[in-house]
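Working notes, structure below.
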Amino acid sequence: MKGNQMKLAVIGAGIAGLTCAKEAMSAGHEVTLFDKGRGPGGRCSTRRMPGKDGEIRFDHGAIGFRPQSSEFAELTETWVEAGLVKPWQARIGQLNSAGRIEAADDAEALYYVGLPGMNGLIKGLASELDCHFGIRIHEVRQNGDSWVLTFEDDMPDFACDGVICSAPAEQTAILLDGIAPELAKQAQHVESSPCWTAMLSFSAPVPVDFDLIHMDGRPFSRLVRNSAKPERGCAEAWVLQASSEWSEDHVDWSADDVLTELVSAFAAATDCSETPDIATAHRWLYATPKSGVGVPASWEPDLKIGTCGDWHIGGTIENAWLSGRVLGERLKTVSSG
Ligand SMILES: Cc1cc2nc3c(=O)[nH]c(=O)nc-3n(C[C@H](O)[C@H](O)[C@H](O)COP(=O)(O)OP(=O)(O)OC[C@H]3O[C@@H](n4cnc5c(N)ncnc54)[C@H](O)[C@@H]3O)c2cc1C
């Protein structure tokens, strides 16, 4: 490391943290990432479960993405070439006013999905970086002109020149409270919506002709035939996303009670009389930010602390990437001095 480059710690190895880390490394900074998740994914996670005929994968966070900017579309093409993502032509359905599922006005839509699950993208990006999973940062402490990260287990503290926090807003606000008051305040202004998600698999196809169905929010926002995505195997697998309103109203329910409600609502919506072979539920407490902060990322040069993540500009993979890239670009112009 040259004299003017920094030793940086990045908290969170989702799409924002990884993108920021990659840019910072290309400027010569020494970057180490820590993530409390057991493996790569963040909110692009994939749950694996044993099925009758082999493993079944459920993308229970982001289902995929559709590039909005030409820059992100170009980057997506490089991910396709690297085998990290693949296009998925989804047949789109919607709930009509009579409560029946019908073809949507745009009957098909092109999404990009990670391989062999959404977390494949995160895994691929993480493989180029110094990432440590299953490690939760307990506290960030000042130590003269530098910083020390402490962990929740017996791991030795980690000393560094600068810290990037890419955790969801509520978690960032807690970590930066007391050490970077302006950044903590910015994060405190963002509230996230929860999302209850159910993962179901069946031994026969569910009798609907669509892969992604937009619902009316009572209780679902979207139903996704996960097994229709490329390279997901042949077992019939669905991911059901409850709406943010329903999830907020049921945020304290047990996973079992939520599952009972969602399974029977799914059966009613799709006329599927089969009992699922696999049924489980997951609660994302900080699924999507309700608002942003108006800037794609923040950096306090005196403190050498920065923040990035989808909560800066809106809850999509592309926005998380943009936030991480903007902060990474900013770090190319700063040094440890
Ligand atoms: C159910 C659901 C459906 C979605 N659907 C879509 C979709 O279809 N399309 C789309 O574009 N987007 C979708 N999104 C949004 C998308 O997943 C996010 O916008 C994006 O993944 C956010 O990336 P990020 O890097 O900002 O945050 P994250 O992926 O959340 O990464 C932050 C990381 O910080 C880690 N962390 C937090 N606190 C600590 C700590 N103390 N110590 C260590 N690590 C910590 C977390 O483990 C996490 O991995 C969806 C999200 C959810 C939840």
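The values are calculated or read from the model by the stated rules, or taken from the named source; none is laboratory data. Because the structure is a prediction, the values reported are computed rather than measured. Virtual Cβ from ideal backbone geometry, glycine too; neighbours counted across all protein chains shown. Note: accessible area is taken over every heavy atom of the protein model, side chains too, but ligands, DNA and RNA are not part of it. Shrake-Rupley method; radii C 1.70, N 1.55, O 1.52, S 1.80 Å.
Brief remarks on what is shown
- 37 °C / 0.692 mPa s Stokes-Einstein diffusion coefficient of the range 206-337, Kirkwood radius on C-alpha pairs, µm²/s: 185
- For the chain, the residue among VAL80, ALA107, LEU259 whose Cα projects farthest onto the positive side of the dipole built from Cβ charges is VAL80.
- Label positions at ARG136 and VAL148, each projected 7 Å from the Cα along the C-beta direction, are separated by 2.2 nm.
- Geometric extent, Cα atoms of the range 199-276 - Rg, Dmax (angstrom): 12.5, 35
- P(r) tail fraction, the range 65-161 - alpha-carbon pairs more than 19 Å apart, %: 64
- The label point for SER70 and the one for ALA267, both projected 7 Å from the Cα toward the Cβ, are 5.3 nm apart.
- Taken about its Cα centre, the range 150-232 carries a charge dipole of about 680 debye when Lys and Arg each add +1 at the Cβ and Asp and Glu each add -1 at the Cβ.
- In this Cβ point-charge picture (+1 for Lys and Arg, -1 for Asp and Glu), the chain has a dipole of about 520 debye about its Cα centre.
- In this structure, the residue pairs whose Cα-Cα separation is over 31 Å, taken from LYS36/LYS304; LYS7/LYS123; LYS229/LYS304; LYS7/LYS86; LYS185/LYS229; LYS36/LYS229, are LYS229/LYS304; LYS7/LYS86; LYS185/LYS229.
- Total charge dipole magnitude, the range 189-337, about the Cα centre, Cβ charges on Lys, Arg, Asp, Glu only, Debye to nearest 20: 740
- log10 of Debye I(q)/I(0), alpha-carbon scatterers only, for the range 121-273 at 0.08, 0.09, 0.17, 0.20 Å⁻¹: -0.39, -0.49, -1.04, -1.17
- Positive dipole terminus of the range 105-255, leading residue within THR150, ALA167, SER127 (C-beta point charges): SER127
- Whether the range 27-86 is rounded, prolate or oblate, judged on the alpha carbon gyration tensor where a/c under 1.5 counts as rounded: oblate
- With only the Cα atoms considered, the range 172-224 has a convex hull volume of 123 Å³ per residue.
- One decimal place: the segment LYS290-ASN96 gains 67.2 nm when fully extended, by the rule 0.36 nm per residue minus the C-alpha distance.
- Residues considered: ASP105, ASP271, ASP209. Largest GNM mean-square fluctuation over the chain, using C-alpha springs under 10 Å, is found at ASP105.
- Accessible area (Å², per residue) of the range 146-253, counting only protein heavy atoms and a probe of 1.4 Å: 40
- Estimated translational diffusion coefficient (Stokes-Einstein, Kirkwood radius over Cα pairs, 37 °C, 0.692 mPa s) of the range 1-143: 188 µm² per second.
- The orientation-averaged projected area of the convex hull spanned by the Cα atoms of the chain comes to 17.7 nm².
- Set of aspartates and glutamates with alpha-carbon distance to LYS332 below 15 Å, sequence-local pairs under 8 removed: GLU23, GLU30, ASP161, GLU300
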